[in-house]
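The values are calculated or read from the model by the stated rules, or taken from the named source; none is laboratory data. Here the structure is a predicted model, which is why all the values come from computation and not from measurement. Note: ideal-geometry Cβ built from the backbone for every residue, glycine included; neighbour counts use all protein chains shown. The accessibility values were calculated without ligands, DNA or RNA, using every heavy atom of the protein model including side chains. Shrake-Rupley method; radii C 1.70, N 1.55, O 1.52, S 1.80 Å.
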Amino acid sequence: MTRIPLIDPATATGAAAEQLDATQQAMGAVPNMARAMVNSPAALKGYLGLSGALGTGVLRNATRERLALAIAESNECAYCLSVHTYTGEHAAKLDEEDILAAREGSAVDPKENAILTFALAVNASRGDIADADFEAARTAGLSDAEIVEVIGAVGLNSLTNFFNKAMQTDIDFPVVLPGTAGNVDAA
């Protein structure tokens, strides 16, 4: 059970209602993460703002979903793995092999693979990456914008990973557990 109340969009008022409406507009639904995060409307607004801004950047939706899967697996966040397995398949049209590979931090496409490798290096080192990791991203052809957005995606996904793990957010998608690539358990 989620550690803090899940705010019902139907009964929310004020800033919480505004942010839940914004969530519905941005995502087409109001997942449990947003219902928990809106206990601080400012936190939900910040999450939506960064997510929306990165959604207009140079990284494709499929790339952002791969990044979310890799970081969720790395940070062992079942909530985010569950969400992004679902959205990776349904919104980004990733197939099962793409999803499993992304969870392992790899992709068939060399540039996508370099993006995931760089993201995992940023995540593992908490941003204190080695020169070799940066140069590998450059050699793979990542632009300045792509490098910046990968770091932004690591930060955004780490925020949701940490939030959902700390809050023990009830998973409202088909459950996917870290370390169990391919094992989907309908909870």
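Over all directions, average the projected area of the Cα convex hull of segment 1-71 and note it in nm².
Values: hull surface 21.5 nm².
In nm², the orientation-averaged hull projection of segment 1-71 is 5.4.
Taking only C-alpha pairs under 8 Å that are 6+ residues apart, what is the relative contact order of segment 106-187 in percent?
Working: 46 pairs, mean separation 17.1, N = 82.
Answer for segment 106-187 is 21 percent.
With no solvent and one equal point scatterer per Cα, compute the Debye intensity ratio I(q)/I(0) for segment 120-187 at 0.14, 0.22, 0.24 Å⁻¹ and report its log10, rounded to two decimals.
Values, matching the q order: -0.61, -0.98, -1.05.
Hey, what number do you get for the chain at 222 nm if only DSSP H runs of n ≥ 4 count, each worth -39500 (n - 2.57), divided across all residues, to the nearest 500? Before the final figure, lay out each step's value.
Details: 9 runs with 118 residues, N = 187.
About -20000 deg cm²/dmol.
What's the whole-number percent of alpha carbon pairs in segment 31-149 lying beyond 20 angstrom? Walk me through the intermediate numbers first.
Working: 3160 of 7021 pairs.
In whole percent, the long-distance tail amounts to 45.
Mind checking the per residue accessible area of segment 96-178 for me, 1.4 Å probe, whole number of Å²?
Values: 4180 Å² over 83 residues.
Averaged over the residues of segment 96-178, the accessible area is 50 Å².
Could you please report the charge total around Pro178, scoring K, R as +1 and D, E as -1 over all other residues with beta-carbon less than 11 angstrom from its beta-carbon? All intermediate terms of the calculation are to be shown ahead of the outcome.
Values: positive: Arg103, Lys165; negative: Glu73, Glu76.
Charge balance near Pro178 sits at 0.
Using only protein heavy atoms and a 1.4 Å probe, report how much of Arg64 is accessible, in Å² to the nearest 10.
Using a 1.4 Å probe on the heavy atoms, I get roughly 60 Å².
Pop the C-beta distance of Ala26 and Glu76 into the FRET formula with R0 = 41 Å and round what comes out to the nearest 0.05.
Computed FRET efficiency for Ala26 and Glu76 comes out at 0.95.
Ranked from the most accessible area to the least, with a 1.4 Å probe and all protein chains present, what is the order of Met167, Met1, Met37, Met27?
Numbers: Met167 45, Met1 185, Met37 10, Met27 80 Å².
I get Met1, Met27, Met167, Met37, largest accessible area first.
Could you name the aspartates and glutamates in cross-link range of Lys93, using Cα to Cα under 16 Å and dropping any fewer than eight places away on the same chain?
Result set, ordered by chain and number: Glu65, Asp109, Glu112.
By the scheme Lys and Arg +1, Asp and Glu -1, what is the net charge of all other residues having a beta-carbon under 14 Å from that of Ala140?
On the way: positive: Lys111, Arg138; negative: Asp109, Glu112, Asp133, Glu135, Asp144, Glu146.
Neighbourhood net charge equals -4.
Run down the lysines and flag those whose C-alpha is under 22 Å from the C-alpha of Lys45, throwing out any fewer than 8 positions away in its chain.
Qualifying lysines at Cα under 22 Å: Lys165.
If the chain between Ser125 and Thr56 were fully stretched, how many nm would it gain, using 0.36 nm times the residue separation less the Cα-Cα distance?
Here the segment from Ser125 to Thr56 would lengthen by 22.2 nm.
For segment 44-187, what relative contact order do you get, as a whole percent, if you take Cα pairs closer than 8 Å and at least 6 residues apart?
Values: 181 pairs, mean separation 50.0, N = 144.
About 35 percent, as a whole number.
So what does Thr117 come to for accessible area, using a 1.4 Å probe and Å² rounded to 10?
So the heavy atoms of Thr117 present about 70 Å² to solvent.
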